[in-house]
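The values are calculated or read from the model by the stated rules, or taken from the named source; none is laboratory data. Note that the coordinates shown come from a computational prediction; the quantities given were computed from them, not determined experimentally. Cβ sites come from the backbone with ideal geometry, for glycine too, and all protein chains shown count toward neighbours.
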Amino acid sequence: FQQSLEEVTIIANPDSGGVGGGTQVDGAQVDKSCQIHSFYDPHKIDVEGNLNSLLHTQLSLNAHQHFLEYQHTGMETADVTFNLKDFKVVLGYCASTRNNLSISFSRAGEPLAILPVPVNEHMNVGFSAE
């Protein structure tokens, strides 16, 4: 992703459980249940309005291979756009305290929760947020 990128969009596709869903690639079933896209607000484009000069990046992942846990209980695709700088702060905190990271959201326009999750039960110190 581009260094100047301010926001990203996560798109969560309905959970196929890692089997039966997805697409065929070279005869094998591939589940791309999560996508991460660069996001550019059309109202914040440069003075010349040149949208073509922006680098659009998309990353498609099989969430069951790349995440410790992935749940999508709805039948529709859910997407949420959030500030990348804030996400990097929480990610850095989790890395320095050796915690996992949990991202929870239900649909666009509703709150996004990004929380540290202790790796070991004895590390649970009762984190709360308001």
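Side notes on the structure shown:
- Whichever residue in the stretch 60-87 is among the small types (G, A, S) and not in a loop (DSSP other than H, G, I, E, B) and, among such residues, is surrounded by the fewest Cβ atoms within 10 Å (Cβ to Cβ): S60
- Residue among T57, T81 that is within 17 Å of S104 (Cβ to Cβ) and either of a type in the set (S, T, N, Q) or modelled with pLDDT under 75 (or both): T81
- Residues in the stretch 1-40 that are at pLDDT 70 or above and acidic (D, E): E6, E7.
- If you go through the stretch 88-106 and keep only what is part of a strand (DSSP E or B) and not small (G, A, S), you end up with N99, N100, L101, I103.
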